[in-house]
Amino acid sequence: MIQRDLKSLTDTTFDVVIVGGGIFGVALAWEAISRGLTVALIEREDFCGKASANSFRMVHGGIRYLQHADVPRIRESCAERSSLLRTAPHLVRPVPILVPTYGHGMRGRAAMRAAMLVYDTLTFDRNRGIPDARNQIPRGRLVDRKECLARFPQIDAPGLTGGALFSDGQMYNPTRLALAFLRSATEAGAVAANYVEAVGFLRNGNTVIGVAARDVELSARFEVRGRVVINAAGGWTERLLGGLEGGGLDPRPTFSRDTCFIVPRRIGSDWGLALQGGTKDPDALLSRGARHLFLMPWRDCTLVGVWHVVYEGNPDAYVVSDREIGTFLAEFNAAFPGVGLRPQDLVRWNAGLVLFGENREGRKDLSYGHRSWIVDHRRREGIDGLVTVIGVRYTTARGVAERTVDLAFRKLGRKSPPSQTATHPLWGGDFADFGALLIEARRDVGGLVPDELLEPLLRNYGTEYRDVFRQIAGDPSLAAPVSGTTVLKAELLHAVRQESARTLADAVLRRTDLATGRYPGDKALVESADVLSGVLDWSAERKTREIAAVKATFLNGSGEPCAS
């Protein structure tokens, strides 16, 4: 259970206090508690509410680093992808991706065959410890021109010689994956609270001994004390450090506003498609030309992206404008003219701030972030008890957490036990075969829920699906889905009672599938608000505001927020 227990935050001096509840923060919480440390985590909004929720849903195995000849990054990415396929098999699974080939040279079949051979050799152990063959990453292979066009008839055919097919990992739901880390941590004893803002650091001389915090809902101030404080606030990192005399970052981090778009229908097949866009990778040693844009199947939708823009403004105020949407679609349609995407084809944009490389102002071909930052402020500014972590990729959060907790043990002067998180199942992930889990659950629920609702439930909760069904025990009507969706009404209550959902957006955008893809419809949002208001005691005015806040995350044909 994730319980917003502010008294526990104030009554304990923790080994580790983590500021930030995105994927890097929750991975840190699980890593630290699993190795015997006491842990508190605070998040000023909702868990996994920003960049982590708005990712492209990919679990990268590092194939793009072949162009950089960066073997360590390939090995790291592959290992972390394998870890997620192994520990969260309900939430991460392979997806095939087609790269069309043209002519000869770097864009030709021979070059791609060689690249896949090298990559498969470097990642020879990619399926170690993954028992379900359906969750294993197959070897890359070449496909002929006919199969390419059968899968994607819209591909620009002149000069097409075929394609290279490789597989990577894809998240069923990035927020549920982050919550699996957090549920693992809280079930083991970590204390986690959303809507608690860190407003400054507590100091004893040159040592940080905790954070000054504010309950966002009641504006009450209190202190959370810890022997090591880890600042994992992502794009808000510098803002938090700004109040700490002598504690800034030099050089300053650069952030990108990474954006992808959701099309509420499938385009093409159940394969992904990589297309060359309009910008180059200046860091590549072996370049195929322009960087790739991706068209990816995701549930019953299609993801299009990723679009990177250096962002130096207010981290609370980034948006994607109509003009920018038009610019991106022009680049995408130039790469894939057979689709002809229009603004009205997009249901929403997802964007978040991600650590980037160093780039001159106005530069077109951008340098991406290479390594996550783990900053020991004692070494840099002489301030003990404080570590800053800024991550690059969702995929590598667990590994970054492992290294950071190693550092925390050194700062605590304690011997560190070995990490187990690369192999220990996350909350809901302790099964070997998803098909067998589906059969077991079908038998267990006794026909209470049809298969078309049971499978997405298992994808989100894995073996912990019974946690949701406990909500139904006292009210069988909660086994019914919210109108027009695959989400049970019981999941909404579970979101509040077991996972600290405080708003409608928390429940439908971050705890369930209900509004993470296509627009679920006005009726579904009203029904959901009615269910939540019964336990959160909302007024009619509050319900109206909650529904409007969710609808504002969607786009209509003109790119404006979805009309009320």
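Each value in this text was obtained by applying a stated rule to the coordinates, not by laboratory testing. Keep in mind that this is a model prediction, so the values were computed, not measured. Quick reminder, even Gly has a Cβ in these numbers, built from the backbone with ideal geometry, and neighbours come from all protein chains shown.
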Share of antiparallel DSSP beta bridges in the chain, in percent to the nearest 5? 75
What does the helix-only formula give at 222 nm for the chain: each DSSP H stretch with n ≥ 4 adding -39500 (n - 2.57), the total divided by the residues, and the result rounded to the nearest 500 deg cm²/dmol? -9500 deg cm²/dmol
Charge dipole (region 149-211, unit charges on Cβ, about Cα centre) - positive-most of Thr175, Gln154, Ala185: Ala185
Projected label distance in nm at Asp475 and Val118, using a 7 Å step from Cα toward the beta-carbon: 5.9
Can you work out the base-10 log of I(q)/I(0) for the chain at q = 0.07, 0.08, 0.10, 0.11 1/Å, using the Debye formula on its C-alpha atoms alone? -0.40, -0.53, -0.85, -1.05
How many angstrom lie between the C-alpha centres of region 370-388 and region 214-235? 18
Using a ≥ b ≥ c from the Cα gyration tensor of region 435-551 (square roots of the eigenvalues), is it rounded, prolate or oblate, where a/c under 1.5 gives rounded and otherwise the larger of a/b and b/c decides, a/b for prolate? prolate
Can you count the Lys pairs in the chain with C-alpha separation below 28 Å, eight or more apart or on different chains? 15
Taking a crude spin-label model, label points 7 Å out from Cα along the C-beta direction, the Asp522 to Asn206 distance in nm is 6.3
Please get the size of the charge dipole for the chain, origin at its Cα centre, with Cβ charges of +1 on Lys and Arg and -1 on Asp and Glu, quoted in debye to the nearest 20. 1280
Cα centroid distance between region 444-494 and region 137-171, in Å? 37
What does the charge dipole of region 435-551 about its Cα centre add up to, to the nearest 20 debye, if the Cβ of each Lys and Arg holds +1 and the Cβ of each Asp and Glu holds -1? 220
Which one, Thr485, Val496, Tyr318, projects farthest toward the positive side of the charge dipole computed for the chain from Cβ point charges (K/R +1, D/E -1)? Tyr318
Considering only the other residues whose Cβ falls under 14 Å of the Cβ of Val211, what net charge follows from Lys and Arg at +1 and Asp and Glu at -1? +3
If you take the square roots of the eigenvalues of the alpha-carbon gyration tensor of region 388-463 and sort them as a ≥ b ≥ c, do you get rounded (a/c under 1.5), prolate (a/b over b/c) or oblate? prolate
Would you mind calculating the relative contact order of region 435-551 from Cα pairs under 8 angstrom and at least 6 residues apart, reporting the percent as a whole number? 20
For Ile97, Ile18, Ile230, what's the fewest-to-most ordering of other Cβ within 10 Å of each Cβ? Ile97, Ile230, Ile18
Determine ³J(HN,Hα), in whole Hz, for all residues of region 468-484 in sequence, where each value follows from phi through the Karplus function 6.51 cos²θ - 1.76 cosθ + 1.60 and θ = phi - 60°; x replaces Gly and Pro. 6, 5, 5, 5, 7, 3, x, 8, x, 5, 6, 6, 6, x, 5, 3, x
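Around Asn460, under 12 Å between beta carbons, what's the net of Lys plus Arg minus Asp minus Glu among the other residues?
0
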DSSP loop (so not H, G, I, E, B), at most 13 other Cβ within 10 Å: list which chymotrypsin sites (Phe, Trp or Tyr not before Pro) in region 76-143 pass both filters. Phe124
Stretch Ala540-Gln154 to full length: gain in nm at 0.36 nm per residue minus the Cα-Cα span? 134.1 nm
With Cβ to Cβ distances under 9 Å as the rule, what net charge do the other residues near Arg81 carry (K, R +1; D, E -1)? -1
